[in-house]
1. Considering segment A:44-69 alone, what residues qualify as being charged (D, E, K, R) and in a strand (DSSP E or B)?
2. With respect to A:Asp162, is the statement that it is out of contact with any Cys (no Cβ under 6 Å at 6 or more places or on another chain) and within 16 Å of ligand 1 (Cβ to nearest atom) true?
3. Restricting segment A:141-169 to residues that are under 14 Å from the mean Cα position of the chain (by Cα) and more than 14 Å from chain B (Cβ to nearest Cβ), which is farthest from ligand 2 (Cβ to nearest atom)?
4. Report yes if A:Gly172 is small (Gly, Ala, Ser), more than 16 Å from ligand 1 (Cβ to nearest atom) and within 10 Å of chain B (Cβ to nearest Cβ), otherwise no.
5. Filter segment A:3-16 down to residues that are surrounded by 16 or more Cβ atoms within 10 Å (Cβ to Cβ) and within 16 Å of ligand 2 (Cβ to nearest atom), then give me how many there are.
6. Looking at this structure, is A:Arg115 within 12 Å of chain B (Cβ to nearest Cβ), basic (Lys, Arg), surrounded by fewer than 24 Cβ atoms within 10 Å (Cβ to Cβ) and within 24 Å of B:Gly12 (Cβ to Cβ)?
7. Out of (1) within 16 Å of the chain's Cα centre (by Cα); (2) more than 9 Å from ligand 1 (Cβ to nearest atom); (3) within 13 Å of another protein chain (Cβ to nearest Cβ), the odd one out for A:Pro70 is which?
8. Filter segment A:32-62 down to residues that are more than 13 Å from ligand 2 (Cβ to nearest atom) and either within 12 Å of the chain's Cα centre (by Cα) or within 15 Å of A:Pro164 (Cα to Cα) (or both), then give me how many there are.
Amino acid sequence: MISIRNASYCYPQGERPALRNINLDIRENEILGIIGRNASGKSTLARLLNGVVIPSTGQVEIDGLSSAIPENRGLIKQKVALLLAEPDNQFVSNLVEEDVAFGPENLGLAPSEIRRRVDTALQMVSMEDYAKYPPYLLSGGQKQRVCIAGLLAMRPKYMVLDEPTAMLDPQGKKEVRKILGELKEQEGLSIIIISHDLEELLQADRLVWLEQGQIKLQDSSRNLLARVDVLRNAGLGGLEISRLIEQLNMAGYDIPSDILSPSELVEELCRLR
Amino acid sequence: MTGIKIGQYVHGDSFLHSLDPRIKIICCIVIMVSVLINYSWYYLLFHLLLIIMAIKASGLSFRFMSGCLRSIRYLLLVTFVLQIFLTPGEAVLSLGRISISQEGLLIASINLLRLLILFFGSLLLIMTTSPIKLSAGIEFLLLPLNKLNIPVHHFTTILSISFRFIPTLIEEATIIKNAQRSRGAQFDSPNLIVRLKSYMAIIIPLFEASLLRAEELGEAMDSRCYTGHPNQLRMSSLKLMGKDLVLLGFMFLVLGIGISISLGSS
Ligand SMILES: Nc1ncnc2c1ncn2[C@@H]1O[C@H](COP(=O)(O)OP(=O)(O)OP(=O)(O)O)[C@@H](O)[C@H]1O
Ligand SMILES: [Mg+2]
């Protein structure tokens, strides 16, 4: 479990604190979505989780390891993997498998173990056929999947994804989304995803809404995604389906606004007749 | 695989790929040295033959390799032309005050041959050695410098990451160039100043973008537990094999012959 207690953080050159008094628990095997407008502190929170950013006040503990203690940070980084938006800035090698090996090599593992981890990690993201390719010949979605493999090869427990599909086309977004679900179900990972993409956030169990460095609201994603007002304030458009329900209700129908899937809506509409 | 870029590692399982990176680096240096200390035609042609055999043994196509010459065509042309005209000697052809000398023609051809050998030699090295292996090899060879407190590992990491970013930067430069062109930058204006200004409009944003990339890359490497300490345990550890030693012996033999030829002739 990751627990954040009363954590605040101000960048050395920053005027206002980027995070203020954050309290948050991240449980095992859940998908937590983080939403919020630009500059609300989402990326800073992500870096707080893997020990790149250390809170100025308050505490962050990862499985009981406090990130304030320098000796813990190596282990924390291995437990909490961080994926950035731009895949091109995360590659260290011009060969897919060498790139995936970078993390395990840094952990000082034996060559045979590194080999094993690289192969399984590439299989998990269905990129094993591209092991000998240079990344620049891959599509955006494939690149991001290789980056995910690079993190999986370190066998993390938590994976923090900072807008993982922001740079990808619809096809790439779909590929990455599919893998996230699999990682939770099959590998038992906890996933923390920062996103402006509602489709992606639908996969989350819980959502946290950040506003000016503070947690404004946290709730199950079912409840939050149905609230068009919240989503608008968080800079998100609202799901197509929620907008449809909103319009139907304006026209005098009475449809519960927490419906998120088309099939549920159809059922509800049939009941109205 | 299509879309291979010049100077980028191409994966394969050829003889050249299977050699130890340290041996390849040493052989490359030996070739450079022996080509630079020697004027003998036979000796240079022999090296050209070696290079052709190496290309054959690398699995890279001759068409691709000769296509790579395009990137250094101006360098070749300028050195050749300058040496033809600027070397004093017996004139074969005179055009007013300037003349082409016999010596010039000879030296220019020899130097052209040398450049070709150097170019293809190093190209073969970097295109058949994966970046991590290449830097592992360089790191091993520079190990003695560690005793002088020179951080060899940092140096080789920087080197391999620079290689890694070449295709990314080329792509980015193309995007910026197109963006600036659509805003009216003239890259093919007859006016040199206008052209220079247009290119500045690529270089500055490219530089800025590279700094941002570097910052993010640093963060990503940090998140992947990179500490800056050299890790001797890599996925594919370096291992010397019989063929490596045979090749090394052969190259030094060639070098020895080259040295004795150049000593004998001077
Ligand atoms: N390196 C830095 N130095 C100083 N201030 C920073 C730095 N990085 C971020 N900030 C500031 O901290 C605040 C939070 O930034 P952060 O990047 O966490 O926001 P974000 O929610 O991720 O935004 P976005 O949606 O644009 O990615 C912003 O006001 C930003 O200006
Ligand atoms: Mg951000």
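1. Passing the criteria: only A:Glu61.
2. yes
3. Within segment A:141-169, the match that is farthest from ligand 2 (Cβ to nearest atom) is A:Lys157.
4. In short, no.
5. Number of matching residues: 1.
6. Against the criterion (within 12 Å of chain B (Cβ to nearest Cβ), basic (Lys, Arg), surrounded by fewer than 24 Cβ atoms within 10 Å (Cβ to Cβ) and within 24 Å of B:Gly12 (Cβ to Cβ)), A:Arg115 qualifies.
7. All conditions are met except number (1).
8. Counting residues in segment A:32-62 that are more than 13 Å from ligand 2 (Cβ to nearest atom) and either within 12 Å of the chain's Cα centre (by Cα) or within 15 Å of A:Pro164 (Cα to Cα) (or both) gives 3.
The values are calculated or read from the model by the stated rules, or taken from the named source; none is laboratory data. Remember, predicted model here, so these are calculated numbers, not experimental data. Virtual Cβ from ideal backbone geometry, glycine too; neighbours counted across all protein chains shown.
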